[in-house]
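Presented below is the structure to which this report refers.
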Amino acid sequence: MNNLLLTLLLFGCFFCHMLPAQRQMEYLDRGLVAVPSEAGILVSWRVFGTDPEEVTFDLYRMKGDDAPVKLNEKPIDGASNFLDQGMKPDGDLYYTVRAYHGQELLDESSPVRAWENAYLSIPLRTPEGYSPNDASVGDLTGDGKYEIVVHMTGLGRDNSHKGMTDEPILQAYTLEGDFLWEINLGKNIREGAHYTQFMVYDLDGDGIAEVACKTADGTRDGLGNVIGDKEADWRNEDGYIIAGPEYLTIFDGRTGAALATTPYVPPRHPDTLIPTEEQLKELWGDGYGNRVDRFLAAIAYLDGERPSLIMSRGYYTRTVLAAWNWRDGELELVWTFDSHDGNPENLAYAGQGYHSLSIADVDGDGRDEIVFGAMVIDDDGTGLYSSGLGHGDAMHVSNMDPDRPGLEVFGIHERPDHPHAANLRDARTGEVIWSFPSTDVGRGLSIDIDPRHRGYESWAFGEGLLGLWNVQGEVISESKPSSSNMAIWWDGDLLRELLDGVNIDKWNYEEGTTDRLFSGEEYNLVKNNGTKSNPSLSADILGDWREELIARTADNKELRIFSTSIPTPYRLYTLMHNPHYRLSIAWQNVAYNQPPHTDYFFGHGMERPPLPDIRVREPHKRWR
């Protein structure tokens, strides 16, 4: 009997070990939002990925001192939105929602006031000469609501252009418009799309998101404390910063205070703070400060359970990635991958990076890999594969072909006369499924926009790249959308819309044209980042599963948040509870912004998404 019990225990332990770990995710409230429309007020709220399948809702309207009025005759068991027909906001109109499992009350939202405009305004303290650029979200206060961290940019430069820049600034705001803090990265961090990649995420599970980014001498945190030597000025006569100490800093989301600072990995040179141009050229490919200062960043669940911070340097030639854990007040380096560490096998990973990256569990083991352009780094910091396809600007990772196992990558490449300039490849192996040759392809997109063809449609702009492709690489239309920058779920069907700058268009697949659904210019919105043409952020931060648009006004004095006022019949849990999507929001601000995706097929004819294997921290309690 004792031997039998021992065998059962050992088998049980082995079986438990084989089960995938649950990923710890941030606590969210219902995200209730009430948006005016011509027909009334659309009220929508989150369904959680952890909700019981049978969860139902009751919705109440409150006006003045009148008693609350329940708006639904029977429990709402379908889509989590409700059109309160004929109602108009007047400043005194509120809604609340209650969630039930059978007769058990699961939670009740705080009352929220109906928006008086089509948007929520966040007034900004924009410094003189600056403008709000890329943004990210995280729960900085522990109340289950997202706050916004925005990168304020002044005069910036591309890495290939010399000249002085302004100091990069990060600011944080609540959705109610309250200013939280400002971090000034100082004159020893150059301003530009490739320099400051800031991550906003709850890294230690205490319920408060941290902010992580590269810092230097003179960085001033949210409390006014200075990192390093406040008098140091490492800029050379061309405005480049290719000498001096470099740091990685974790900041407190509540106050912006620096919690931990450590030397940045990797340094420009392993032996000196003041490398020569010849030393930099030998290590990175040029000596004046271009390739050495190409940075990317992300968040990944490397152990399948808790988030880690990924920071990198270089992608044109040498590439180095470093994984960090911020836990229990300690910042620990987990692993480093270096394409030039002396291992001849790692040389195949040189020159494969893009101006963006993605995080995905490409091999299905429950742990995340880093899809670093044309190569993939495994969760343990070793190379999984290098496709050898080289550098590119835009990349998308999702389950694009629902009839094919695993995830796919759609990527484009800049190299002249590239035989696979636009390609779909297997995310696990890098095998090219189909491709088209071209020269210096700058942008490309892959989303579901045509219900007549199963799976995603893809297109790109480059010599000889004509028309629109289905997931098999067949040309299904001689015409294609005129933009390929960003995408958004907005109008309530399961197809995705085109987000170009601050405008939302619908692909008219029958006519081969686009129809304007939302014009940001009508609301005084302007886009960011020139031809990369993106808003500050697009993400599912409020209401049901559709995405919000966050953009700046032309006078740089506001961020305006837009949420759709179009009803939907589809009930889906919040996209932020799909870890693949949530991590996409964390890295969306990195270099050349790319739209988020889910790791399940999202499109016309989709099956019900699998429930996420997550555990959500209880409010105001720390993970253990």
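Which of rounded, prolate, oblate describes segment 13-138, given a ≥ b ≥ c as roots of the alpha-carbon gyration tensor eigenvalues and a/c under 1.5 marking rounded, otherwise prolate only if a/b is larger than b/c? All intermediate terms of the calculation are to be shown ahead of the outcome.
Working: a/c = 2.73, a/b = 1.16, b/c = 2.35.
It is oblate, given that a/c is not under 1.5 and a/b is not larger than b/c.
Could you look at segment 402-464 and say what percent of its accessible area is carbon and sulfur, using a 1.4 Å probe and all protein chains?
Values: 1230 of 2380 Å².
Reported share for carbon and sulfur atoms: 52 percent.
Based on alpha-carbon atoms, the Kirkwood radius and the radius of gyration of segment 344-500 give Rg/Rh equal to 0.96.
Per residue, how many Å² of accessible area does the chain show with a 1.4 Å probe? Please report the intermediate quantities before stating the final value.
Numbers: 24070 Å² over 624 residues.
Averaged over the residues of the chain, the accessible area is 39 Å².
Size descriptors for segment 298-436, from the alpha-carbon set: Rg then Dmax equal 14.8, 51 Å.
Which value, in debye to the nearest 20, describes the size of the charge dipole of segment 51-117 about its Cα centre when Lys and Arg Cβ atoms bear +1, Asp and Glu Cβ atoms bear -1, and nothing else is charged?
The calculation lands at about 260 debye.
Taking a point 7 Å out from the Cα of S479 in the direction of its Cβ, the residues of segment 491-531 whose backbone N falls within less than 14 Å of it are 506-516.
So what's the net charge close to E521: Lys and Arg +1, Asp and Glu -1, counting the other residues with Cβ under 12 Å from its Cβ?
Working: positive: R516, K527; negative: D500, E522.
Overall, the nearby charge balance is 0.
Dividing the Cα radius of gyration by the Kirkwood radius, what Rg/Rh value follows for segment 82-220? Write out the running numbers ahead of the final one.
On the way: Rg = 19.7 Å, Rh = 17.9 Å.
Computed over Cα atoms, the ratio is 1.10.
If you take every residue apart from S312 with its C-beta less than 12 Å away from the C-beta of S312, what net charge results, scoring Lys and Arg +1 and Asp and Glu -1? Walk me through the intermediate numbers first.
On the way: positive: K214, R294, R313, R318; negative: D293, D338.
Residues near S312 contribute +2 overall.
Expressed per residue, the C-alpha convex hull volume of segment 531-624 stands at 171 Å³.
Against the chain, whose longest principal axis is taken from its Cα atoms, helix 2-18 shows a tilt of about 80°. Distance between the modelled labels on E278 and S37, one decimal in nanometres: 6.8 nm (7 Å Cα→Cβ projection).
May I ask for the Kirkwood hydrodynamic radius of the chain, worked out over all distinct Cα pairs and given in angstroms to one decimal?
Details: mean 1/r = 0.0397 Å⁻¹.
This gives a value of 25.2 Å.
Computed over segment 483-545, the alpha-carbon pair-distance distribution with 10 angstrom bins reads 21, 53, 24, 1, each value a whole percent. Couplings for segment 129-138, taken from phi via the Karplus curve 6.51 cos²θ - 1.76 cosθ + 1.60 with θ = phi - 60°, read x, 10, 9, x, 10, 5, 9, 9, 10, x Hz in order; Gly and Pro are left as x. When the Cα positions of G192, L333, G86 are compared along the charge dipole of the chain, G86 comes out farthest toward the positive end, with charges on each C-beta of Lys, Arg, Asp and Glu.
The residue list H413, A539, F562 was ranked by how far each Cα lies along the charge dipole of the chain toward its positive end, using unit charges on Cβ atoms, and F562 comes out on top. Relative to the Cα centre, the charge distribution of the chain, modelled as +1 at Lys and Arg Cβ and -1 at Asp and Glu Cβ, gives a dipole magnitude of about 260 debye.
Taking all protein chains as present, what is the carbon and sulfur share of the accessible area of segment 107-210, in % to the nearest whole number, probe 1.4 Å?
44
Per-residue Karplus couplings for segment 156-170, computed as 6.51 cos²θ - 1.76 cosθ + 1.60 with θ equal to phi - 60°, are listed in order as x, 9, 6, 4, 7, 10, 7, x, 6, 10, 7, 7, x, 10, 10 Hz, Gly and Pro entered as x.
Label-to-label distance for E332 and N225 is 2.3 nm, based on points extended 7 Å past Cα in the beta-carbon direction.
Centre-to-centre separation between the Cα atoms of segment 428-453 and those of segment 161-222: 34 Å. Counting only protein heavy atoms and a probe of 1.4 Å, the accessible surface of segment 533-593 is 50% carbon and sulfur. A simple spin-label model places the labels of E176 and T439 5.9 nm from each other, with each point 7 Å out along Cα-to-Cβ. Leaving out same-chain residues fewer than 8 places away, which lysines sit with a Cα under 17 Å from that of K532? Partners found: none.
Keeping all protein chains in place and using 1.4 angstrom, which order do R125, R30, R61 fall into by accessible surface area, from largest down?
So the residues, ranked largest to smallest area, are R125, R61, R30.
Going 7 Å from the Cα of D158 along its beta-carbon direction, which residues of segment 277-294 have the amide nitrogen within less than 20 Å of the resulting point? Residues 285-294 qualify, since their backbone N sits under 20 Å from the label point. A full extension of the chain between A348 and A232 corresponds to an added length of 37.9 nm, given 0.36 nm per residue minus the alpha carbon distance. How large is the Rg to Rh ratio of segment 66-136 when both quantities use alpha carbon positions and Rh follows Kirkwood? Here the Rg-to-Rh quotient is 1.11.
The values are calculated or read from the model by the stated rules, or taken from the named source; none is laboratory data. Note that the structure is predicted; figures quoted are calculated from it, not measured. Because the Cβ atoms are built from the backbone with ideal geometry, glycine has one as well, and the counts that use them run over all protein chains shown. We work out accessible area using only protein heavy atoms, side chains counted, and drop any ligands, DNA or RNA first. Shrake-Rupley method; radii C 1.70, N 1.55, O 1.52, S 1.80 Å.
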